[in-house]
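Trainee: I have a structure here, written as structure tokens, and I will follow up with some questions on it.
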Amino acid sequence: MSEDDSNMDEYPTEIHDYLTAFEKSLGSVDEMLKTMMSVSRSELLQKLDPLEQAKLDLVSVYTLNSMFWVYLATQGINPKEHPVKQEL
């Protein structure tokens, strides 16, 4: 029995495609983060004009808040009732 077969016993089969897509998305996020983290923030900002710097800052803040939203949801906390909603 392969590892995939044993994992199939742990969750309903009807969500397998969703979990596979989720895993692929996580891999993409991981690769993007590795790319961004490979260059220091100051080096990155030096290569960008002020508008691009502002866009990077906005995307970074939104991403961080979104990841915190997901974290709250995985901890059983309703993010809609948490102050993070006002920041998004």
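Trainee: Heavy atoms only, probe 1.4 Å: what % of the accessible area of region 48-87 goes to carbon and sulfur, would you let me know?
Mentor: Carbon and sulfur together cover 64 percent of it.
Trainee: Further question on the same structure: Determine the calculated [θ] at 222 nm for the chain from helices alone, applying -39500 (n - 2.57) to every DSSP H run no shorter than 4 residues and normalising by the residue count; nearest 500 deg cm²/dmol.
Mentor: It lands at -22500 deg cm²/dmol.
Trainee: Could you tell me which label, among (1) 41, 20, 18; (2) 32, 27, 24; (3) 54, 35, 16, carries the value of Cα extents along the principal axes in Å calculated for this structure?
Mentor: (3)
Trainee: With axes computed from alpha carbons, what is the tilt in degrees of helix 50-74 against the longest principal axis of the chain, rounded to the nearest 10 within 0 to 90?
Mentor: Here the helix axis deviates by roughly 30 degrees.
Trainee: Then there is this: Give me the angle, in degrees from 0 to 90, between the Cα long axis of helix 16-37 and the longest principal axis of the Cα atoms of the chain, rounded to the nearest 10.
Mentor: Orientation of helix 16-37: about 30 degrees from the principal axis.
Trainee: Compute the Cα gyration tensor for region 48-87, then decide on rounded, prolate or oblate, letting a ≥ b ≥ c be the square roots of its eigenvalues: rounded whenever a/c is under 1.5, prolate when a/b is larger than b/c in the other cases, and oblate in all that remain.
Mentor: prolate
Trainee: Separate question: Going by accessible area, probe 1.4 Å, with all protein chains left in place, what is the ranking of Tyr71, Tyr11, Tyr18, largest first?
Mentor: From most accessible down to least: Tyr18, Tyr71, Tyr11.
The values are calculated or read from the model by the stated rules, or taken from the named source; none is laboratory data. Because the structure is predicted, anything quoted here is derived from the model rather than measured. Each accessible area value is taken on the protein alone, full model and side chains, heavy atoms only, with ligands, DNA and RNA left out. Shrake-Rupley method; radii C 1.70, N 1.55, O 1.52, S 1.80 Å.
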